[in-house]
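Remarks on the structure that follows.
The values are calculated or read from the model by the stated rules, or taken from the named source; none is laboratory data. Everything numeric here is computed off the predicted structure, so don't read it as measured data. Cβ atoms come from the backbone with ideal geometry, glycine included; neighbour counts cover every protein chain shown. Calculation scope for accessible area: heavy atoms of the full protein, side chains included, ligands and nucleic acids excluded. Shrake-Rupley method; radii C 1.70, N 1.55, O 1.52, S 1.80 Å.
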Amino acid sequence: MTISGFSYIRNGFKYQYPFLESIQSILPLCDEFVIAVGQSEDGTREAIEALNSPKIRIIDTVWDEALRQGGQIFAQQANVALDACTGDWLFHIQADEIIHEKDLPAIRKAIEQVDSNPRVEGLLFDFLNFYGSYDYLNGTRYQHRREIRIFRRGIGAFSYRDSQGFRRYPDPAMKEQGHKGMKLHVKLVGVPVYHYSYVRSPKAMTEKSKYFASFWFDDAQLEKAFENDSDETDYYKIERVKKFTGTHPAVMAEWIKNGNYDFDPSQIKGDLPLKKRMAYWLDALAGRRIGEYKNYKLIS
């Protein structure tokens, strides 16, 4: 049983992605790591090469600037790396996602347990979505709570929409017919992905958000989306956060030491309208997120 890690990145330093730490966090588990590196002017490619790992294979890419709708370029780049993988199981990690070193044995065990069961097509991970600082998590009901990050090679899997999750084409003709693909049947691992997308400085967060949005909207839409925004992201425009009480992956030690921001949850603005308060109350009562979007079929 072999495992291929895969990812994509462009200008990782410029937009403050912990992409090197992301790679290193799962490298011990992988037999190879394939990464699609878009043309960058900040030394991203050179830094990956400097990791000096025989497991890492770089695929140089040029991002198609015409793919400015729905984040298609992100899925396209993920698929470039995916298609080059040779392992039995494929482990996708994005440039702002980290796996804790203590969880690597549990992940390997989970793969080994399902390897002989063809009914299980992938593994589902919980997400810890950090927000504002390394001390708090996004506590709203809107950011993704779980996603597929490991799946079998050879089942026709592909990166879906903006690369957040995966689906598959059991029949290649489905793609030509415009089919959205089939959801994967997955097992829950019980291990979290540490997601650090919203812990940049307020100014860096705005720069990253505008860059990210440029692959979703045309110029007119982009200008309208940010016309009332300042140069610094207001982290207090959120409904709720919750305190993180665990430990961070060791590879993130320097990031946390040098870039933990003074986020004060008491400054979160405004009261929730009744409809939203009811939604959170019902979630708590049910013990799950009611109406949650699930891009997978969970096997119990």
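The residues of region 254-268 that are open to solvent by 60 Å² or more (accessible area, probe 1.4 Å), at pLDDT 85 or above and aromatic (Phe, Trp, Tyr) amount to a single one, 255.
If I ask for residues that are among the hydroxyl-bearing types (Ser, Thr, Tyr) and either open to solvent by 90 Å² or more (accessible area, probe 1.4 Å) or assigned to a loop (DSSP other than H, G, I, E, B) (or both), which ones from region 270-300 would you list? Step through it out loud before you land on a result.
Pass one, region 270-300, residues among the hydroxyl-bearing types (Ser, Thr, Tyr): 280, 293, 296, 300.
Within region 270-300, 293, 296, 300 meet the criteria.
Pairs meeting the criteria (first residue in region 12-37 and within 26 Å of residue 207 (Cα to Cα), second residue at pLDDT below 95 and acidic (Asp, Glu), beta carbons under 7 Å, at least 6 apart or on different chains) are 15/207. For region 213-224: of the residues being open to solvent by 30 Å² or more (accessible area, probe 1.4 Å) and part of a loop (DSSP other than H, G, I, E, B), which is farthest from residue 122 (Cα to Cα)? Across region 213-224, the extreme among qualifying residues is 218. Of the strands (runs of 3 or more DSSP E) lying entirely inside region 122-212, those containing at least 2 residues that are of a type in the set (Phe, Trp, Tyr) span 122-131, 133-138, 157-160, 185-198.
In the set 9, 59, 23, only one residue is among the β-branched types (Val, Ile, Thr), buried (at least 18 other Cβ atoms within 10 Å of the Cβ) and closer than 22 Å to residue 88 by Cβ; that residue is 23. Taken across region 234-249, residues that are at pLDDT 90 or above and under 22 Å from residue 163 (Cβ atoms) do occur, with at least one present.
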